[in-house]
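Please read the structure below before turning to the comments.
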Amino acid sequence: MILNPKMECMSREDMKKLQSERLVKLVKTCYEKSKFYRRKMAELNITPDDIKSIDDIHKLPFTTKTDLRDEYPFGLMIVPPTEIRRIHASSGTTGKPVVDVYTENDLKMWAEGAARVMAAGGVGPGDTVQVSYGYGLFTGGLGAHDAAAMLGAVQLPTSAGNSEKQIMLMKDFRSNVLACTPSYALHLAECIEKSDKVSIEDMHLRVGFFGAEPWTEGMRKELEEKLHIKAIDIYGLTEMCGPGVGGECECQNGTHLWEDMFYPEIINPDTLEPCAPGEFGELVFTSLCKEAMPIIRYRTRDLTRLIYEPCKCGRTAVRMDRILGRSDDMLIVRGVNVFPSTVEAILTEFPAYSPQYFITVDRKNNEDMFDLDVELREEYFSPNPAKQMPYIKPLYDRLVSVLGIKPNIHILPPNTIQRSIGKAKHVNDKRQFK
């Protein structure tokens, strides 16, 4: 189902006109009401008169996560406190969080963005949406919750954690929609597999909306097979609103971005120049409709590309390819660029391995060491090292072929690597402390 055909299926020409109108208004508002952006524009000798259409967006300054933390908590807010209805913040565990504030209209816009994604998965009245994202300052829980409410579905706000109870409620309340991180969905699937109280045949799930962390096609296949669902990728970030900046349609061939609300660009992360259409680079967003805390040209650090060809679903909204990784999460090991998501993608090529992994990078005798903890599935695992070798060699060869570095692979028993109820942590780079 297409929730808002006017916006989701708008012609490229009309979309550009709408984006231009909204950008011109946004820049004028930020220049008049935001000390931060007025200073940023002055440094580039720019005034609102220089911005006449969306084609002029490259003239505007970038905004970074450091900027947002420097302006903590409300330095970028441009409306009176009496107009604020909610505050959210990033889930980072160290330092000052990234804050976003919302007016009533901001909340409605956010809910519609997330609802567009759920509508593409067929969610509506009569469905029960089990929201297993965390509720609180993290945007995931309430973002999915409000989307389900807008569509007239039942909201089951289980939040994250207490997996045994999650599964009980999933069965007893006949949840047919699941919203959570992909790593937590996989953990729930493993818990159901091991349970002597329920089986997947007792469940009623048909679709899952997974986001807040990168995941691979291999993990999608595993989730769909284990949970008997269609697994849909949903994209968002606190700096724009939360989950609902975009999401996959039923075709699952790219993430539609709601560019009437959030204008996307792809830039070269080194030169900061725009990339040619279809080229991979860093994703940048400008919030075109936010009232409380608009953001201009926010550098997400996510590496991807944009696909402008029309989708078979009928939507004309631009699609984002799968995220390769983050420019600030990329590991440089012995001079080679390594993205954790690439390791996960390789693991899912081998049926003997679970997609759970943990990377430790260290430096010994001035040489980088790349250690990879992986799990064999129960039916393949043996504590005898000799019996592990037939599984290690093909994985080792594949990693060397793709990554160009030689890893130290450590086989662990099933369910040894810590599971996460929120965003999964896959890397410990010890070199930063040496």
Would you work out which of Pro351, Leu324, Tyr308 lies farthest towards the positive end of the dipole of the range 286-355? Charges go on Cβ: Lys and Arg +1, Asp and Glu -1.
Tyr308
Assign unit charges at the C-beta atoms only (+1 for Lys and Arg, -1 for Asp and Glu), then state the dipole size of the chain relative to its Cα centre in Debye, rounded to the nearest 20.
580
Fully extended, how many nm does the chain gain between Asp50 and Phe74 (0.36 nm per residue separation, minus their Cα-Cα distance)?
5.9 nm
Using just the helices of the chain, give the 222 nm mean residue ellipticity in deg cm²/dmol: DSSP H runs with n ≥ 4 each add -39,500 (n - 2.57), and the total is spread over all residues, rounded to 500.
-9500 deg cm²/dmol
Simple spin-label estimate for Lys194/Glu83, 7 Å along Cα→Cβ, in nm, reads 5.1
Given Cα positions, please report Rg to Rh for the range 95-253, the hydrodynamic radius being the Kirkwood one.
0.96
At 25 °C in a medium of viscosity 0.890 mPa s, the range 280-434 has a Stokes-Einstein diffusion coefficient, with Rh taken as the Kirkwood radius over alpha carbon pairs, in µm² per second, of 135
Helix 12-33: angle to the longest alpha-carbon principal axis of the chain, degrees 0 to 90, nearest 10?
70
On the Cα set of the range 1-100, report Rg and Dmax in Å, please.
16.4, 46
Phe62 to Lys16: FRET efficiency via 1/(1 + (r/R0)^6), r the Cβ-Cβ distance, R0 30 Å, to the nearest 0.05?
0.90
What distance in nm separates the simple spin-label points at Tyr396 and His410, each placed 7 Å from Cα in the Cβ direction?
1.7
Would you mind classifying the range 190-331 by shape? Square roots of the alpha carbon gyration tensor eigenvalues, ordered a ≥ b ≥ c; an a/c under 1.5 is rounded, otherwise it is prolate if a/b is larger than b/c and oblate if not.
prolate
Classify the range 386-434 from the C-alpha gyration tensor, please: rounded if a/c falls under 1.5, else prolate or oblate depending on whether a/b exceeds b/c.
oblate
Calculate, for Lys33 and Lys387, the FRET efficiency according to 1/(1 + (r/R0)^6) with r their C-beta to C-beta distance and R0 60 Å; round to the nearest 0.05.
0.35
Ranked order, Leu188, Leu303 - accessible area, probe 1.4 Å, largest first
Leu303, Leu188
Kirkwood Rh (inverse of mean 1/r, distinct Cα pairs), the range 195-271, angstrom:
14.6
Label point 7 Å out from Glu378 along Cα-to-Cβ: which residues of the range 161-193 have amide N under 12 Å?
190-193
Stokes-Einstein D for the chain at 4 °C, 1.567 mPa s, Kirkwood Rh over Cα pairs, in µm²/s?
56
Cβ-based charge dipole, the range 211-324, positive-most Cα from Met219, Val284, Met240:
Met219
Quick numbers on the range 37-169, Rg and Dmax over C-alpha atoms in Å, give 18.9, 60
Reach of Lys430 by Cα under 25 Å, taken over lysines that are not fewer than 8 positions away in the same chain
Lys65, Lys96, Lys364, Lys406
Once Rh for the range 349-434 is found with the Kirkwood sum over Cα pairs, what is the Stokes-Einstein diffusion coefficient at 4 °C and 1.567 mPa s, in µm²/s?
92
Distance (nanometres) between label positions extended 7 Å along Cα→Cβ at Glu367 and Val427:
2.3
So if I take the alpha carbon set of the range 285-367, get Rg, then get Rh from the Kirkwood formula, what is the Rg over Rh ratio?
1.11
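The values are calculated or read from the model by the stated rules, or taken from the named source; none is laboratory data. This structure is a prediction, so every number in the text was calculated from the model and none was measured. Counting neighbours? That spans all protein chains shown, and the Cβs are built from the backbone with ideal geometry, glycine included. Remember, those area values only see protein heavy atoms, side chains included, never the ligands or the DNA or RNA. Shrake-Rupley method; radii C 1.70, N 1.55, O 1.52, S 1.80 Å.
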